[in-house]
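Chemist: I'd like to ask you about the structure that follows.
The values are calculated or read from the model by the stated rules, or taken from the named source; none is laboratory data. All values derive from a computational prediction rather than experimental measurement. A quick note on method: Cβ atoms are made from the backbone with ideal geometry, for glycine too, and the neighbour counts reach across all protein chains shown.
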Amino acid sequence: MEEIVSLAKRRGFVFQSSEIYGGINGFWDFGPMGVALRKNIKDFWWKRMVELRDDMVGVDTSIIAHPQTWKASGHVDCFSDPMVDCKKCKGRFRADHIKDTPCPEKPSKKVGECGGELTEARAFNLMFQTFVGANQDNASIAYLRPETCQSIFTQFKNVLTTSRQKIPFGIAQIGKSFRNEITPRNFIFRSREFEQMEMEFFIRPTKEEGQKWYEYWKAERLQWFYDLGIKKEKLRMREHEKDELAHYAQGCVDVEYEFPMGFSELEGIANRSNYDLSQHIKFSKKDLSVFDDETKEKYVPGVVECSLGVDRTFLTLLCDAFAKDTADGEERIVLRFAPHMAPVKAAIFPLSKKLEEPARKLEHALRKKMTTDYDDSGSIGKRYRRHDEIGTPFCVTYDFQSEEDKQVTIRERDTMKQERIAMDQVERYLEKRIIK
Ligand code: GAP
């Protein structure tokens, strides 16, 4: 993990938030490569989940919602972790994590083993509070959303009546969520500010329909991870035991990835019955049921949820792509992203600065179709190494011979093989190998 964190900083993927002030635990900033990778992840999710489907629509809802939303969802009363305080160092820790949390004062020991007395475990609500308006009293308390999906439920009726969708159909959203995690850790795996990609699929609330769509979404989502280019053997599905399930849930599975710290949750897929809409009906006293024209039945739809973090997908891609091999007798670090996920798809190098004009012309033509980078600093070998480290799948060199034969050299990242390609074929050559 240390090597991945170091590469992520060195190459402009992830920086510690407000680093010049010593940083702030659990918050991260994304640099030029990071923002490009995040965009690729979100675009690929949105394309598959929304644009290529007939039965899905998107929303983009506010981060702060009416506080009753979080009463109805159970977050105000139950969204908490058990926490203990150390009376010696005044540190606060998750009670269920102390066995593997180092003591801040004696890192060779675990929390509680340093001689400090720990308090009884207490529930600590993970929602960030703020105030809306000029007053700062109980009546003006609001919360930064801890998940994006609740506004999908509260806007369900508006979307249904304006989108011409009929059950079964889904509503998808990508957006920031906030949780005041007691122990943010493992780089961006557990942060206090993160982004989710969530989808709620509304169905008839029968056991058979629930099971059918639950199985369907499990298969769809696993395939999405394969198409992202993640190694199949590093992914697994962990079905929740009966005693792990919420009382209303009929099934829940975590898609897990084998991170350097072990298998951990990447996405949750849940068959949630019609609990969420029923809660909002109860608290808002608004009718969120649907009427089936064919059967003349009125019912509150059930839901299958798929909930995934952008940041965890980002970390998965970094961990999965990270590799070391040798190039020209030296060790090289390379990110073997699937080409369609790479932040830069093609880097254009003029062999000499004298060739800037035609090389830039080629880069400007290509950038209309794919993300490119023009790079003329240092030797060609150095430029290859730089682009290997950010995962650029193709480097295109314009040399003096190109002036004569109208060909360029394309070098492929993983095999390091080089080919001469006619300039007017470069765009087709690259597109064929990049587009998913
Ligand atoms: N609406 C359901 C829900 O939010 P969750 O399991 O709490 O379920 C879903 O979160 C996904 O959001 C997780 O699988 C993970 O990918 C991401 N996630 C949750 N908490 C996170 C955190 N503190 N930091 C980064 N990602 C997080």
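Chemist: If a residue must be among the small types (Gly, Ala, Ser) and either touching a Cys at 6+ places or on another chain (Cβ under 9 Å) or within 9 Å of the ligand (Cβ to nearest atom) (or both), how many such residues does the range 174-217 contain?
Modeler: 2
Chemist: Which one of these is at pLDDT 95 or above, within 14 Å of the ligand (Cβ to nearest atom) and over 27 Å from Gly26 (Cα atoms): Val300, Val304?
Modeler: Val304
Chemist: Assess whether Phe194 counts as being modelled with pLDDT under 95 and either outside any loop (DSSP other than H, G, I, E, B) or at positive phi (or both).
Modeler: No.
Chemist: For the range 227-310, give me every one of the strands (runs of 3 or more DSSP E) that falls completely inside it and has 2 or more residues that are closer than 30 Å to Arg336 by Cβ and either among the small types (Gly, Ala, Ser) or in contact (Cβ under 8 Å) with a residue 12 or more places away in the chain (or both).
Modeler: Because the criterion is at least 2 residues that are closer than 30 Å to Arg336 by Cβ and either among the small types (Gly, Ala, Ser) or in contact (Cβ under 8 Å) with a residue 12 or more places away in the chain (or both), the strands (runs of 3 or more DSSP E) in the range 227-310 that meet it are 235-239, 251-259, 262-271, 302-309.
Residue-wise test of (1) of a type in the set (Ser, Thr, Tyr); (2) in contact with a Pro (Cβ under 7 Å, 6 or more places away or on another chain); (3) under 30 Å from Leu235 (Cα atoms).
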site	(1), (2), (3)
Glu331	no, no, yes
Asp399	no, no, no
Asp405	no, no, no
Val426	no, no, no
Arg433	no, yes, yes
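Chemist: Which residues, taken from the range 126-142, are away from the ligand (no atom under 14 Å from the Cβ) and either of a type outside the set (A, V, I, L, M) or in contact with a His (Cβ under 9 Å, 6 or more places away or on another chain) (or both)?
Modeler: Matches in the range 126-142: Gln129, Thr130, Phe131, Gly133, Asn135, Gln136, Asp137, Asn138, Ser140, Ala142.
Chemist: Also, I was wondering about something else. Against the definition (more than 16 Å from the ligand (Cβ to nearest atom) and either buried (at least 20 other Cβ atoms within 10 Å of the Cβ) or within 24 Å of the chain's Cα centre (by Cα) (or both)), how does Cys86 come out, yes or no?
Modeler: Taking the combined requirement at face value, the residue satisfies it.
Chemist: If you take the residues in the range 251-267 that are more than 10 Å from the ligand (Cβ to nearest atom) and farther than 12 Å from Leu222 by Cβ, which one is surrounded by the fewest Cβ atoms within 10 Å (Cβ to Cβ)?
Modeler: Out of the qualifying residues, it is Gly262.
Chemist: Which ones in the range 158-173 are more than 15 Å from the ligand (Cβ to nearest atom), in contact (Cβ under 8 Å) with a residue 12 or more places away in the chain and in contact with a helix residue (DSSP H, G or I) (Cβ under 9 Å, 6 or more places away or on another chain)?
Modeler: Val159, Gln165, Ile167, Pro168, Phe169
Chemist: Next question. When you go through Phe322, Phe337 one by one, which is the residue that is touching a strand residue (DSSP E or B) at 6+ places or on another chain (Cβ under 9 Å) and of a type in the set (Phe, Trp, Tyr)?
Modeler: None of the others qualify; the one that does is Phe322.
Chemist: Is there a residue being part of a helix (DSSP H, G or I), without any contact (Cβ under 8 Å) to a residue 60 or more places away in the chain and either hydrophobic (A, V, I, L, M, F, W, C) or within 22 Å of Gly229 (Cα to Cα) (or both) anywhere in the range 356-370?
Modeler: Yes, the range 356-370 contains a residue that is part of a helix (DSSP H, G or I), without any contact (Cβ under 8 Å) to a residue 60 or more places away in the chain and either hydrophobic (A, V, I, L, M, F, W, C) or within 22 Å of Gly229 (Cα to Cα) (or both).
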